[in-house]
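Reading through the structure tokens given below for one structure.
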Amino acid sequence: MSVQLPVLGHPVDSDIFRPTECRSISEYQSLSPDELYRRTSEAKRSLGDRVMVLGHNYQRDEVIVHADFRGDSLLLAKLAQRHADRPYVVFCGVHFMAETADILSRSRQTVILPDLAAGCSMADMAAIEQVEQCWESLGRVMPVEETVLPVVYVNSAANLKAFCGEHGGLTCTSSNARAIMEWAWARREKILFFPDEHLGRNTANKMGLPPEQMLVWDPFLPNGGHSAEALGKARLLLWKGHCSVHQMFQPSHVDYFRRQYPDATVIVHPECHETVVNKADLVGSTEFIIRTVSEAPAGTTWAVGTELNLVNRLKREQADKRVFFLSSTVCQCATMFRIDAPHLCWAMENLAEGRVVNHITVPDDEKQWARVALDRMMDLS
């Protein structure tokens, strides 16, 4: 005999799944770390190959310890796609990452986000209504569909990815932004890049685009704060948005490490401000940072400008090197930090008992066009 989960309806073994009333998250808040670890591990064992736990690089250790895979957002979404035999994906990241996993899934996989409050402040800086209004405004001063190609960072909501797909655009990552921009400029005169202005500017700087051909589009100002003439001359329109973590790093932090550790290599994420990027020795994605520091010779010194949990993990795992956090200020991803041991245990035990909580689904119309934007990028990568 088998029973069915209420959300997805996969047949599951009745000796493992016994649907009852949903457990409350409040039951888990007072549990000890050891108890949470034990119960989460037991729930995962009982689920077996029905579930896959994905952990973003920025997650806290109490969560990442349960991950089957860890990495950046797009890599994890691709892993969910590759393991289509796992009907349940518990995504320990933020909302847009779980959405991307749902978009890329060609199967009947169910994606679960342990805490729905785990969002992304940068992704929230570009709402679909604002982007559509921007597009309409540009259309009043130029033939926008023939002139401007929209490029959206994967750190964005599904409806923004869908917008790009529908208007001939595509997504990008911090690793492939240059290749994506080259592709875009080969097709249209201008790029609308959102929601992170720093990744767009740092990429364009490396490509040699003059600063006067870049404009920051402020969604709260008419025409983004620019005249029709200025918009006509610009080749890159950068959305006024940023990552709250990487915005914290300052040029003075780099200067401090140069003085204190003259032999240190400064490596930062391209979401940092250009004044920090220009002073750094190396710039790249989280995967690039992890790989570079991991492969470095023993005894080398590194000042790393990215999220604190990742840097602390590197420090422990690369004990033969000296790894420092670039800033003197604690700088965690506050929304990513919402995924904690109680929420993960709550989601896993509910699933083990036959209930899906926090099921992330993208509407079919958005999923279709968002998939187009992602596929265009992946074809280039």
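For region 156-180, a residue qualifies if it is buried (at least 23 other Cβ atoms within 10 Å of the Cβ) and over 16 Å from LYS367 (Cα atoms), and the qualifying residues are CYS172, SER174, ALA177, ILE180.
Just one of the numbered conditions (1) of a type outside the set (A, V, I, L, M); (2) closer than 29 Å to GLY93 by Cβ; (3) modelled with pLDDT of 90 or more; (4) surrounded by 15 or more Cβ atoms within 10 Å (Cβ to Cβ) is not true of THR301: (2).
Against the list (1) surrounded by fewer than 20 Cβ atoms within 10 Å (Cβ to Cβ); (2) out of contact with any Ser or Thr (no Cβ under 9 Å at 6 or more places or on another chain), the condition THR292 fails is (2).
Restricting to region 140-179, name every residue that is under 24 Å from CYS120 (Cβ atoms) and part of a loop (DSSP other than H, G, I, E, B).
Residues of region 140-179 under 24 Å from CYS120 (Cβ atoms): 149-167, 169-179.
VAL154, ASN155, SER156, ALA157, HIS167, GLY169, THR173, SER174, SER175, ASN176, listed by residue number.
Within the span defined as region 127-135, every residue fails to be within 29 Å of MET52 (Cβ to Cβ) and surrounded by fewer than 20 Cβ atoms within 10 Å (Cβ to Cβ). Within region 71-94, identify whether any single residue is among the acidic types (Asp, Glu), within 18 Å of SER174 (Cα to Cα) and in contact with an Asp or Glu (Cβ under 9 Å, 6 or more places away or on another chain), and answer yes or no. Yes, there is a match, as at least one residue in region 71-94 is among the acidic types (Asp, Glu), within 18 Å of SER174 (Cα to Cα) and in contact with an Asp or Glu (Cβ under 9 Å, 6 or more places away or on another chain).
Quick one: is GLY224 outside the structural domain of VAL277 (by TED's automatic domain parsing), of a type outside the set (A, V, I, L, M, F, W, C) and crowded, with 20+ Cβ neighbours inside 10 Å?
Numbers: outside the structural domain of VAL277 (by TED's automatic domain parsing): yes; of a type outside the set (A, V, I, L, M, F, W, C): yes; crowded, with 20+ Cβ neighbours inside 10 Å: yes.
Taking the combined requirement at face value, the residue satisfies it.
Is it true that some residue in region 115-125 is touching a helix residue (DSSP H, G or I) at 6+ places or on another chain (Cβ under 6 Å) and surrounded by 24 or more Cβ atoms within 10 Å (Cβ to Cβ)? Yes, that holds for at least one residue.
Residues of region 34-52 that are among the aliphatic types (A, V, I, L, M) and in contact (Cβ under 8 Å) with a residue 40 or more places away in the chain: LEU36, ALA43, LEU47, VAL51.
Quick grid of which residues meet (1) more than 19 Å from the chain's Cα centre (by Cα); (2) outside the structural domain of VAL268 (by TED's automatic domain parsing):
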residue: THR292; (1), (2): yes, no
residue: GLU307; (1), (2): no, no
residue: GLN318; (1), (2): yes, no
residue: CYS345; (1), (2): yes, yes
residue: MET348; (1), (2): yes, yes
residue: ASN358; (1), (2): no, yes
residue: LYS367; (1), (2): no, yes
residue: ASP375; (1), (2): no, yes
residue: LEU380; (1), (2): yes, yes
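The values are calculated or read from the model by the stated rules, or taken from the named source; none is laboratory data. As the structure is a prediction and not an experimental result, all values here were calculated from the model. Here the Cβ is made from the backbone with ideal geometry for all residues, glycine too, and neighbour counts use every protein chain on show.
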